[in-house]
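Colleague: Below is the structure I would like to discuss, written out as structure tokens.
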Amino acid sequence: MTVAVTGASGHLGRQVSDLLLEHLDPADVVLLTRTPETLAALAERGAVVRHADFTEPSSLADAFGGVDRALLISAVDLERRAEQHRAAIQAAAAAGVRQLIYTSVPEPSEGNPAAVVPSHRATEEALRGSGLAWTFLRNNLYAEFQVPVVRQAIASGRLVTSAGSGRTAYVSRDDCAAAAAAVLVQDGHENRAYDITGPDAISPQDIASLATELAHRPVEVVQVDDDALIAGLIAGGLPEAAARVVASFPAAAREGFLGGVSTAVEELTGAPPRSLRDVLAVGLEEAARS
Ligand SMILES: NC(=O)c1ccc[n+]([C@@H]2O[C@H](COP(=O)([O-])OP(=O)(O)OC[C@H]3O[C@@H](n4cnc5c(N)ncnc54)[C@H](OP(=O)(O)O)[C@@H]3O)[C@@H](O)[C@H]2O)c1
């Protein structure tokens, strides 16, 4: 069984690659990336490193050669990635890949306002229609991304949010990587979708309480509407398009699209997922040291 990881030099791709090299013969691990030179250390450990760029379909034909099962890590350009992912799916099918595992989002349905949803939904549809076996890993929001949010809240004493009391089942990227590696090495996950979540659904008030506890300083929740949140993000230096993307996640939480908690991480990996508290405690300590 030869397995591949696209986007192997990204944060998630690198973690999945390291886990695969612990569990498989390195010659059976194919790492695809736009920047093979950044994976020289993994090539030295015996992994097969190949160039692959979803925007260059000609690079994909050879990239998937000899691969049985691949993790398709979603790319970053929200406007173009559905098309990019379709090119990767077609190339994988043409090369004889049997199963593609895709990093998606919870509840990629029509009504979900998260800006990432349309391209994830389009990719899931393309995979379902591809003739390949598929597995969707619907990763909730990374817990690690709350570390800078909480640092800012501790500094100002205010956690500004438009999520209302909406909950999010934040998941550590470590657990997303472990779940992906598990599905790559195990049989029996064909044509299944898993919500990859942390152990709890967390509200803004919960985050403020965690921040208060970890920093020994009071942090209060300040609720604003979407427009005010976007204006604040722009005032903080974010381009408007990026601010709208960022603000779409608390909107999705407010509307109940991110609060589902699953047991998939433990079922797939054998270990319980990290809590947001743990990720924040470690992240705040690291930030304080740097
Ligand atoms: N759940 C969440 O909270 C959350 C947050 C942010 C992002 N995401 C999604 O999850 C993915 C993985 O997260 P991450 O933290 O590893 O992100 P990251 O470190 O920013 O990595 C970006 C990834 O996109 C790949 N990529 C970009 N353009 C590509 C192209 N043209 N062809 C092939 N691959 C391309 C990169 O591959 P190479 O550079 O190796 O070619 C890399 O794996 C992201 O790309 C994004 O879709 C999820």
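The values are calculated or read from the model by the stated rules, or taken from the named source; none is laboratory data. From a predicted model like this one, the values you see are computed outputs, not experimental measurements. So basically every Cβ, Gly included, is an ideal-geometry build from the backbone, and we count neighbours across all protein chains shown.
Colleague: Determine which member of the set 62, 77 is out of contact with any helix residue (DSSP H, G or I) (no Cβ under 6 Å at 6 or more places or on another chain), part of a loop (DSSP other than H, G, I, E, B) and free of Cβ contacts under 8 Å to residues at least 40 places away in the same chain.
Modeller: None of the others qualify; the one that does is 77.
Colleague: Please go through segment 96-120 and pick out each residue that is surrounded by 18 or more Cβ atoms within 10 Å (Cβ to Cβ) and either of a type in the set (Lys, Arg) or more than 15 Å from the ligand (Cβ to nearest atom) (or both).
Modeller: Answer for segment 96-120, where residues must be surrounded by 18 or more Cβ atoms within 10 Å (Cβ to Cβ) and either of a type in the set (Lys, Arg) or more than 15 Å from the ligand (Cβ to nearest atom) (or both): 97, 99.
Colleague: Do the conditions hold for residue 230, that is, is it free of Cβ contacts under 8 Å to residues at least 60 places away in the same chain and in contact with a Lys or Arg (Cβ under 8 Å, 6 or more places away or on another chain)?
Modeller: Here the answer is yes, as residue 230 does meet what is asked.
Colleague: Only one residue in 251, 264 is modelled with pLDDT of 95 or more, in contact with a strand residue (DSSP E or B) (Cβ under 7 Å, 6 or more places away or on another chain), buried (at least 16 other Cβ atoms within 10 Å of the Cβ) and not assigned by TED's automatic domain parsing to the domain that holds residue 125. Which one?
Modeller: Of 251, 264, the one residue that is modelled with pLDDT of 95 or more, in contact with a strand residue (DSSP E or B) (Cβ under 7 Å, 6 or more places away or on another chain), buried (at least 16 other Cβ atoms within 10 Å of the Cβ) and not assigned by TED's automatic domain parsing to the domain that holds residue 125 is 264.
Colleague: Here's something else I'd like to know. Quick one: which residue in 107, 79, 125 is within 15 Å of the chain's Cα centre (by Cα) and charged (D, E, K, R)?
Modeller: Within the list 107, 79, 125, the selection yields 107.
Colleague: Give me a count of the residues in segment 1-31 that are over 18 Å from residue 137 (Cβ atoms) and away from the ligand (no atom under 12 Å from the Cβ).
Modeller: Qualifying residue count for the region: 11.
Colleague: So how many residues does segment 44-56 have that are surrounded by 15 or more Cβ atoms within 10 Å (Cβ to Cβ) and within 14 Å of the ligand (Cβ to nearest atom)?
Modeller: Counting residues in segment 44-56 that are surrounded by 15 or more Cβ atoms within 10 Å (Cβ to Cβ) and within 14 Å of the ligand (Cβ to nearest atom) gives 7.
Colleague: Additional query: Just to verify a result, which residue in segment 245-290, among those that are out of contact with any Leu (no Cβ under 9 Å at 6 or more places or on another chain) and basic (Lys, Arg), is nearest to residue 106 (Cα to Cα)?
Modeller: The qualifying residue nearest to residue 106 (Cα to Cα) is 254.
Colleague: Run down 131, 164, 188 and say which single residue is in the same structural domain as residue 254 (by TED's automatic domain parsing) and at positive phi.
Modeller: Going through 131, 164, 188 in turn, the sole match is 164.
Colleague: Looking for something over 23 Å from the mean Cα position of the chain (by Cα), more than 16 Å from the ligand (Cβ to nearest atom) and of a type in the set (A, V, I, L, M) - is there at least one such residue anywhere in segment 235-246?
Modeller: yes
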